[in-house]
Amino acid sequence: MAEPVERPSTEPPGAPGGGLKARLGVRGGANNWQFTAVSAVAGLALAAGVVLAAGPWDSGQRKAERDRAAAAERTGGAHHDAGDPEGPAPAPSAPAVLAALSGTVTQDAPAGAVRDLRSVLDPLMGNDALGDRRAAVVIDTATGKRLYGKGADAPMTPASTVKIATTVAALSALGPAHRIPTTVRVSDDLRTVTLVGGGDPTLDKAALRALATETARALKAGKVPSVRLRYDASGYSGPSHHPIGPNENIAPMSALMVNEGRQDDSSKGPAPRTEDPAGDAARTFAGLLDHAGVSTKGAPAPGRPARKSRTVATHLSAPLSGLVERALTNSDNDIAEALARQTAVAAGEPADFNGGRRAVTAQLKKLRLPIKGVNVADGSGLDRDDKVTAALLAGLLARAADPAHPELRPVLTGLPVAGFSGTLSGRYTTKAGGTGFIRAKTGTLTGVNSLAGTVVDTRGRLLAFAFLASGTTAPTEAQAALDKLATALGAGKR
């Protein structure tokens with residue numbers, strides 16, 4: 001279902017300056033500079049060594065507003081659209097970063113003249129491709145000092161960059177080791193089996209098969225040849241569909257689903273989605289249970305476990321750290337919405353859109369981040385009612401780099417690598433610079449483009465940045481303008 005294109009806003013661009021000038025609580029020192037270097041090399045090593053098999057989808061953004069979308073490649077190396085035929089250019093700052101890893105670098109080692117970022121970024125911010133409203137913030141993560149701000153505190157539609165807020169909140173509330181359970185409970189008389197969803201959108205057929213095998217083993221011990229099968233998706237409440245409506249970029253919200261409700265073999269990007277995720281999961285489980293030697297009486301039916309029942313099988317999702325990285329790298333809407341609901345459950349809120357909004361906002365407030373004017377309407381960024389500021393996005397990334405918050409580090413490691421992985425695999429693939437060293441979350445809706453991430457400058461500083469643009473009319477040109485802004489921070493070619 002395509003979304004109507006909004007008319008360009010008549011509101012003037014946000015005024016420069018103002019807002020979050022206080023430090024973000026990030027400790028400085030030599031260790032932090034070394035962390036900066038390690039972060040950059042980790043991005044390059046990931047890109048050059050393994051090249052994630054993540055397609056160039058900004059899933060759930062502009063593509064979510066199209067009725068049809070070309071399918072991304074599911075496997076293979078990085079997908080370089082319109083890139084240099086000889087491959088991406090080497091990252092210009094590699095020698096300095098590699099030197100930092102030698103262990104001989106001190107806090108005073110970073111070289112290069114201190115640049116006035118206004119003279120560097122202001123001309124690029126004036127690019128007409130960025131529409132009629134634009135905002136930017138750049139923070140030195142080691143000191144928490146804002147190095148640049150323009151329209152910093154103006155709430156704007158973030159598109160998919162809101163996933164940074166969602167993932168920070170989830171990690172803060174639950175911790176990176178948290179896993180989402182899917183369980184099977186059996187009644188005391190062994191006659192009724194209930195498959196209980198915990199909200200893991202990545203549950204797959206292999207996991208269901210393992211659950212069926214364990215369940216059959218328990219039932220056979222009781223000499224039970226057949227059972228009634230129920231399925232419980234009551235962990236979620238509220239509307240099942242995202243406000244954007246039925247769409248190939250997001251399944252109906254359900255606490256029980258298999259492979260994000262996809263009806264093909266894809267693992268990312270748009271795909272046909274089932275309208276009955278929980279029922280489909282239960283029917284698949286019934287077939288696997290039958291294959292394991294226990295037949296089911298009639299079709300699976302929705303229902304909660306019997307009051308007197310016990311758990312006979314449990315499957316745990318990947319750790320939250322892995323789910324966060326996947327959500328950010330592939331801009332995965334289903335995982336992002338699941339993380340918002342997991343945050344809601346942890347806060348004692350209903351597992352629906354409103355509960356997720358309240359829980360995520362509360363976590364951001366606990367982290368002492370600027371939330372004035374912020375509205376986190378969903379977890380994925382599909383909702384145009386989402387409003388965030390450049391100050392918040394850059395502050396979130398700076399907080400994720402804070403040595404006092406190691407639990408938030410997966411937010412940084414999950415950011416796509418320029419020219420190599422995820423939604424940046426098709427960008428920064430020419431010799432313009434930034435390849436391998438810019439890590440950023442993309443965001444695209446009709447008339448909205450955004451980019452928020454990290455880059456190491458020539459002085460060895462890890463900079464957190466956020467660039468938001470609204471009223472854009474040419475997505476490709478807007479993305480190129482954002483890429484030039486991020487590249488300029490690293491003093492690469494532009």
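Suppose each label sits 7 Å from its Cα in the direction of the beta carbon; what would the Ala177-Asp204 distance come out to in nanometres?
Distance between label points: 2.5 nm.
Between Asp276 and Asp189, what FRET efficiency comes out of the Förster formula 1/(1 + (r/R0)^6) with R0 = 35 Å and r the beta carbon distance, rounded to 0.05?
Approximately 0.75, to the nearest 0.05.
So how compact is segment 376-494: Cα radius of gyration and Dmax in angstrom?
My reading of the Cα-based Rg and Dmax gives 14.0, 41 Å.
Kindly rank 400-412, 143-155 from highest to lowest mean number of other beta carbons found within 10 Å of each residue.
143-155, 400-412
Full-extension gain between Ser226 and Asp290, please, as 0.36 nm times their residue separation minus the C-alpha to C-alpha distance.
Fully extending the segment from Ser226 to Asp290 adds 22.2 nm.
How fast does segment 181-317 diffuse by Stokes-Einstein, in µm²/s, taking the Kirkwood radius from C-alpha pairs at 10 °C and 1.306 mPa s?
Answer, rounded: 106 µm²/s.
Can you give me the distance in nm between label points at Thr473 and Ser240, each placed 7 Å from the Cα along the Cα-to-Cβ direction?
Result for the modelled spin labels: 4.2 nm.
Could you list which residues have their amide H under 5 Å from that of Arg230, counting only those 5 or more apart in sequence or on another chain, with H placed in the peptide plane?
HN-HN under 5 Å from Arg230: Val193, Thr194, Leu195, Ala301.
How far, in nm, would the chain grow between Asn375 and Thr143 when pulled straight, counting 0.36 nm per residue and subtracting the alpha carbon separation?
Stretched fully, the Asn375-Thr143 segment lengthens by 80.8 nm.
In this model, which of Lys387/Lys484; Lys366/Lys441; Lys372/Lys484; Lys223/Lys308 are farther than 21 Å apart at the alpha-carbon?
Checking Cα-Cα distances, Lys387/Lys484; Lys366/Lys441; Lys372/Lys484 exceed 21 Å.
Note down the nm distance, to one decimal, between modelled labels 7 Å out along Cα→Cβ at Asn354 and at Asp385.
Computed distance between label sites Asn354 and Asp385 equals 1.0 nm.
Bear in mind these aren't lab numbers, they're just calculated from the coordinates by the rules spelled out. This is a predicted model, so every value here is computed, not measured. Because the Cβ atoms are built from the backbone with ideal geometry, glycine has one as well, and the counts that use them run over all protein chains shown.
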